[in-house]
Amino acid sequence: MDATAPQVTAELFAIPLGESWMVYAPLREAAFVANSATVVRIADLRAGRAIPDDEDSARLLELLRELGIVDGGPEVPPITSFQGDPRPTSCTLFLTTGCNLRCTYCYASAGDTPLRSMPLEVAQRGIDFILANALELGADSIEVNYHGGGEPSLNWRTLTGSWEYASGLANSHGLLLRSAMATNAVLPPEKAEWMMSHLDGVSVSFDGVPEVHDKHRLTVSGQGSWDAVCRTLRAFDERDFNYGLRLTATADMLSRLPESIAYICETFQAAKIQVEPVYQLGRWKNEPSAETLEFLTVYRQAQAIAASHGRELYFSGARLGVLTNHFCGVTQDSFCLTADGSVSGCYEVFLESNPLAKTFIYGQAQKSGEMTFDLPVLNQLRQQSVDQRPYCSGCFAKWSCGGDCYHKALDVNGTQEFEGTDRCHIIRELTKDQILDRISGSGGLVWSGADVEPQLLPRGM
Ligand code: SF4
Ligand code: SF4
């Protein structure tokens, strides 16, 4: 090989865009739109073949060098990995499997599963463990979060007691306590008041306009919960409290998503709005998927509406700007305690009787206070990061997607080798939108983390 020949030094993807292509180098945070002839020249360069000695090649090489795609030095993939016993400084407490709602699409089938409520002592074991880790590691904060399997605020004693306990410990050691929770926001005003004065933020499940929300988010007695949620959101807004909304999109209500987003943006101050197609799990196991082309269409419309109000709409798998080999905490020692004191890596696995408990439950908070771990189970979770997934290796979205939800993958593919899911198409399309947005926001020709002069583009690209 000619040592002076241009070397392609970036991982590169050519993504079809109708008649043209988008060339994307994720680890250089660079992309541009090109025609087929340019893509062929880049493919030739990558294969070490000669390209025509003409002005277009000279300009192309100049651009690729500017972007670090040619002769740019080695790339460092964004890979973090974990070994040995986990040392989390953050814990998520699954306070209860009980719920005051009976949402039709509840992934947890809350209300139908055995009722488990976390005693305060179990929460304290988890908090003691993360505090000890924080002190040993020299961290400046600990984090205690409250999540589902049910509505966390129903276990009020352990919620408030664990927060007081964590706060007291953190204060006495000069550490900061961060704390957040997921809630359905169907709460008496005094509970909302407590959240505002003790937590850093909450994520509220809310589906938008009343007919959409009340179709699926029902109380135990079958009434709509919209009024109650709005009352809480108004209280949050009056105090400028930090909260986000999470909308679940079901197939029957997809067409109303843009309307719901417009309503939310006009009515509430939520900092961030997350939209996810319904998860076919729990009570929605045998119901229609919303991971469809229609989801993409309405999501794009909703996103434009949110942007026109200066709000951020997001879908978990499409997050250009993040460079990671992880989708969520499941591959990076996420430490969640079930009500009975089992250590789970996954928000969906909050009961020892869950069908995937053997895959996701990797430890136990013993009554003695000792934390014991099943390292083979934990190591198997650690191996699910995107860099270890053969199917994902050729996907242009891999370093922002991180391999998507492992629980979902198991649901769709079982224990066989991962072969993609319907969500992959949504992730790739929305990531492509984000790259095109960056290109258009950078003058319409080239997007780059570095400053690049657009006039360097070859003619006809
Ligand atoms: S594996 Fe999926 S369900 Fe489990 S915590 Fe991660 S994103 Fe959530
Ligand atoms: S193939 Fe699917 S899961 Fe894997 S990185 Fe791409 S979009 Fe994510």
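Cα centroid separation, segment 178-249 to segment 75-103: 23 Å. Does segment 8-120 come out rounded, prolate or oblate by the C-alpha gyration tensor, with a ≥ b ≥ c the root eigenvalues, rounded set by a/c under 1.5 and, if not, prolate when a/b is larger than b/c and oblate if not? Since a/c reaches 1.5 and a/b is larger than b/c, the shape of segment 8-120 is classed as prolate. Averaging the Cα positions of each part gives two centres, and for segment 281-307 and segment 14-73 these lie 35 Å apart.
Pull up the DSSP beta bridges for segment 255-369 and report the antiparallel fraction as a percent, rounded to 5. If we restrict to bridges inside segment 255-369, about 60 percent are antiparallel. Net length available on complete extension from A43 to T372 is 113.3 nm, with 0.36 nm assigned per residue and the Cα-Cα distance removed. Annotation note: GluC sites (Glu not before Pro) in segment 348-382 located in DSSP loop regions with a Cβ neighbour count of at most 14 within 10 Å are E370. Among beta bridges identified by DSSP and lying wholly in the chain, the antiparallel ones come to about 45 percent.
Put in order of Cβ neighbour count within 10 Å, fewest first, the listed residues F82, F327 become F82, F327.
Length gained on full extension, E238 to L17, computed as 0.36 nm times the residue gap minus the Cα-Cα distance: 75.0 nm. Relative to the longest principal axis of the Cα atoms of the chain, the long axis of helix 293-308 makes an angle of roughly 90 degrees. What shape does the chain have by the C-alpha gyration tensor, where a ≥ b ≥ c are the square roots of the eigenvalues, rounded means a/c under 1.5, and otherwise prolate means a/b greater than b/c and oblate the rest? It is prolate, given that a/c is not under 1.5 and a/b is the larger ratio. A simple spin-label model places pseudo-atoms 7 Å from Cα toward Cβ; at T297 and L120 they are separated by 5.5 nm. Projecting label points 7 angstrom from Cα along Cα→Cβ for N379 and V76 puts them 2.7 nm apart.
Neighbouring Cβ atoms within 10 Å as the yardstick, rank V186, V330, V40 fewest first. Ranking V186, V330, V40 by Cβ neighbours within 10 Å, fewest first, gives V40, V186, V330. Against the chain, whose longest principal axis comes from its Cα atoms, helix 422-441 is set at around 60 degrees. For the chain, the longest principal axis of the Cα atoms and the long axis of helix 226-238 meet at an angle of about 80 degrees. Return, ordered by residue number, the residues of segment 196-228 whose backbone nitrogen is under 17 Å from a label point located 7 Å along Cα→Cβ of E287. 205-226, by backbone N distance to the label point. Lysines within cross-link reach of K285: Cα-Cα under 22 Å, excluding same-chain residues under 8 positions apart? Cross-link targets: K215, K358, K408.
Exposure proxy shown here: for F236, F360, the number of other Cβ atoms within 10 Å sets the order, fewest to most, as F236, F360. Between A251 and K358, the contour length at 0.36 nm per residue exceeds the alpha carbon distance by 35.4 nm.
Every number here is computed from the coordinates shown, using simple stated rules; none is lab data. Just so we're clear, the structure is a prediction, and the values are computed from it rather than from any experiment. With ideal geometry, Cβ positions are generated from the backbone for all residues, glycine too; neighbour counts draw on all protein chains shown.
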